[in-house]
């Protein structure tokens with residue numbers, strides 16, 4: 001897109017965000033920006049109105065690259081949390097206690113606190129759709145292939161999100177991976 005814009009004399013920044021509906025409503029998005037620094041400085045006041053942080057990652061495409069890196073961590077952390085809760089329940093532990101213990105321990109990613117009520121009440125109102133996370137995981141896999149690296153854990157998680165999508169969870173929040181992992185199938 002940057003090349004096409006340049007051909008037409010249009011300046012271009014890629015500026016994906018970290019944060020979903022609630023951070024957007026609060027003006028707390030985090031921007032990952034790729035493009036010329038002088039172009040970023042011109043639009044910085046507009047981005048500041050919508051977000052709490054702006055990270056210039058380098059040339060065009062680097063903002064999108066950083067967004068994939070961040071979403072890799074989100075997808076992994078959400079799936080690991082969902083599996084841990086599922087195991088705790090299978091071991092006869094109280095779900096609410098497992099969630100509370102995990103979220104107050106040393107291993108929980110901070111964003112998981114925002115997913116707590118979804119997990120506890122099995123209500124996965126969409127903030128970031130599961131199908132978009134699965135799409136990003138596919139992009140990560142393709143990017144890894146193009147850069148001659150292997151992401152074996154990411155590829156496994158991509159397939160798990162893909163199965164959840166096939167089971168009709170694609171429009172729900174990506175935290176619905178818990179619903180998929182915790183559902184007993186015969």
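The values are calculated or read from the model by the stated rules, or taken from the named source; none is laboratory data. Keep in mind it's a predicted model, so treat the numbers as computed, not measured. Every residue, glycine as well, gets a Cβ built from its backbone with ideal geometry; the counts of neighbours run over all protein chains shown.
Since residue 144 meets every condition but one in (1) closer than 25 Å to residue 18 by Cα; (2) part of a helix (DSSP H, G or I); (3) touching a helix residue (DSSP H, G or I) at 6+ places or on another chain (Cβ under 6 Å), which condition does it not meet? For residue 144, the exception is condition (3).
The set of residues in segment 92-132 being part of a loop (DSSP other than H, G, I, E, B) and more than 18 Å from the chain's Cα centre (by Cα) consists of 92, 93, 94, 104, 105, 106, 122, 123. In summary, residue 27 fulfils each of the numbered conditions (1) in contact with a strand residue (DSSP E or B) (Cβ under 8 Å, 6 or more places away or on another chain); (2) surrounded by fewer than 17 Cβ atoms within 10 Å (Cβ to Cβ); (3) at pLDDT 95 or above with the single exception of condition (3). Scanning segment 143-167 for residues that are more than 17 Å from the chain's Cα centre (by Cα) and either exposed (fewer than 12 other Cβ atoms within 10 Å of the Cβ) or touching a residue at least 60 places away in the same chain (Cβ under 8 Å) (or both) returns 146, 147, 148, 149, 150, 152, 166.
Taking the stated definitions as given, is residue 117 surrounded by fewer than 19 Cβ atoms within 10 Å (Cβ to Cβ) and modelled with pLDDT of 95 or more? Against the criterion (surrounded by fewer than 19 Cβ atoms within 10 Å (Cβ to Cβ) and modelled with pLDDT of 95 or more), residue 117 qualifies.
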